[in-house]
1. Which of the residues spanning region 135-157 are without any contact (Cβ under 8 Å) to a residue 24 or more places away in the chain, among the small types (Gly, Ala, Ser) and assigned to a helix (DSSP H, G or I)?
2. What are the residues in region 69-79 that are within 17 Å of Trp38 (Cα to Cα) and buried (at least 21 other Cβ atoms within 10 Å of the Cβ), if any?
3. Of these, Phe234, Phe189, Phe148, which one is at pLDDT 95 or above, more than 30 Å from Pro417 (Cβ to Cβ) and in contact with a Gly (Cβ under 9 Å, 6 or more places away or on another chain)?
4. So Ala7 clears everything in (1) surrounded by fewer than 16 Cβ atoms within 10 Å (Cβ to Cβ); (2) part of a loop (DSSP other than H, G, I, E, B); (3) small (Gly, Ala, Ser) except one condition, right? Which one?
5. If only one of Ile530, Ile489, Ile525 is surrounded by 21 or more Cβ atoms within 10 Å (Cβ to Cβ), touching a residue at least 12 places away in the same chain (Cβ under 8 Å) and not in a helix (DSSP H, G or I), which one is it?
6. Going by the structure shown, is Leu379 buried (at least 17 other Cβ atoms within 10 Å of the Cβ), touching a residue at least 24 places away in the same chain (Cβ under 8 Å), in contact with a Lys or Arg (Cβ under 6 Å, 6 or more places away or on another chain) and of a type in the set (A, V, I, L, M)?
7. Out of Ala388, Ala422, Ala410, I need the residue that is of a type outside the set (Phe, Trp, Tyr), modelled with pLDDT of 95 or more, part of a helix (DSSP H, G or I) and over 25 Å from Leu228 (Cα atoms). Which one?
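The values are calculated or read from the model by the stated rules, or taken from the named source; none is laboratory data. Owing to the predicted nature of the structure, the values given are computational and were not obtained by experimental measurement. As a convention, Cβ positions derive from the backbone with ideal geometry for all residues, glycine included, and neighbour counts pool all protein chains shown.
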Amino acid sequence: MLHAHRAARSWSLAVLVLLSALLFSTLVLKHLSYPLMWNDEAETAMYAERILDFGYPKVHDGKNVVFELQSTLDVGLKEEFDAYIGSTWGQYYFGTLGALAARQVEDPYDKTLLLRAPFALAGLAGIFVFLALGLALFPGDRIRQLVFALGYFLLASLSTVLVLHLREMRHYSLFTLLVACALWTYVRFHVLGRGRFAVHCALLATLLTLLFHVFTLPYAAVATTFGLHQLALFARRREFGRAGLMRLARGLLPLVISAIAIVPAIVFFETFHVASELARGAAWARPRFEGLRHLALILHYLATQEVLLPAAAAKLAALAATRATRAETRGSAFEQRGRVSNLLWLLVVVYVAICAQLPFSYERYLVVLSPVLVLVLLLDAATVFDIAHRNVPPGRQHWVTASAALAAVALALVLVPPRLPALRGHWHELTVPYRGPIDFIVSDLRARYPRTDELVIATNYESVPLMYYLGSRVTVGFARANLDEDMAIQPDVIIQRRWPQGRRQLKWLAQRATYDAERLPVADIRFNNIPQLSESPIVLELHHFETPLPRDESDALVLLHRRNETPTR
């Protein structure tokens, strides 16, 4: 009878886990075709196109200049190859999967779906790898694994920021997957004691090297975390002789191999020079982001959009309960969960500390911490539950289960209401597709001009999406990297976006010829859309969940069409 009841409960939980996994997957994968790509995504798409044409992210192709770095060409350009070196190229090469498929279709939304799908699937895979890491710490206990998975997907679904970033054609999903794989590889060998050292070393070094080539920030954070963890283990073991030093060397070897492997890339991409020049160029922002203020922005995001505060509370409770009862047993799953929780918290601290030193504050840099915080919350909550369950008489253990259920309800009441507007908003944009300025511009110009590839368009922001979707020559742009040559070309269409840079140049171009104004039925907002939800002095306009309609004529996006002129060839 008891076995049948347990089996029925297991099946019920499995159904709930499946539904919660489908919910999260739907939030990530539904309507990937809408809206059209915003500026940063389109940069990834255009460099993927350049790789298909030239073999690497070439800046010039004889028609357009793709260069969105907030710097001069001499900083982000490898002149002998005409190669972009403002970032490493992992995301661009991965983007060729979708770019190649997108060449087979004509519709802009079909193209967008094919471009985003590989990134969204990679990000979703990363979320499942994080889950697999957590489940491995509950060996042989199907009920506990199912409860853990259910809580994991429900908590992950509350992070609209995570969902929005995983949907984009950008490096966020890729480094989420690689960080998850690196953590799983590290925990499997150093905590669970599984696998051969040679395989572990080669795999971890490879993952870290790939992580560097996707995005340098998480590489620095993960490698530093593993290095500090190995040093902490060395100090804790108090084995300062040859055997202890050899164990330390073995633990650090994958990090050393990856560090050696990335040296050629650091030299080629001029990583430190580019970083220093960008920091110098952002000097105007430094007074706002000095010290505690920048750290406060990061912590505010993690507290309001992620589960930082409940996770910290669970950690404190787990530490107090462990010290009070001495319940852990060396080598047990109980101790392993505590060790993994400590490792993940170390990653959070290191990651935040590194980000706090940067001159800019973007949620996209920190999005990988969303599943990490969910994991530590659930692991530490499980520790508290286990200790409480072990230290009450057998006849009263049901009270512990009831208390855990009440705690879960209380957590939901704390987390859900503040996040409801974003949850409702995202569900709305999944059911009523959002369209931004780029959507309306592309649709209008495709309908008005038979050959958009013969157009010259001048705009001061999101020039790269117009290059991709229309095949037009697009001048001026955000970085204004080719300004002298651009100002000598009279454009067929001028689009002045709500962006401070480049407005003077567009006004001057508009005065050199006769143009007819067309107001589109969309508000002139800064971005086609952007995944950020937290206010920041750098990102002055946050994510829109509904198509932004103009309040009046002055709020509408205006296109200037050159009068009585055939498109410039």
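1. none
2. Leu69
3. Phe189
4. (2)
5. Going through Ile530, Ile489, Ile525 in turn, the sole match is Ile530.
6. In short, yes.
7. Ala422 is the lone residue from the list that is of a type outside the set (Phe, Trp, Tyr), modelled with pLDDT of 95 or more, part of a helix (DSSP H, G or I) and over 25 Å from Leu228 (Cα atoms).
Residues checked against (1) surrounded by fewer than 16 Cβ atoms within 10 Å (Cβ to Cβ); (2) out of contact with any helix residue (DSSP H, G or I) (no Cβ under 7 Å at 6 or more places or on another chain); (3) outside the structural domain of Arg196 (by TED's automatic domain parsing):
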position: Val214; (1), (2), (3): no, no, no
position: Leu217; (1), (2), (3): no, no, no
position: Ala223; (1), (2), (3): no, no, no
position: His229; (1), (2), (3): no, no, no
position: Ala232; (1), (2), (3): yes, yes, no
position: Arg237; (1), (2), (3): yes, no, no
position: Ala249; (1), (2), (3): yes, yes, no
position: Pro254; (1), (2), (3): no, no, no
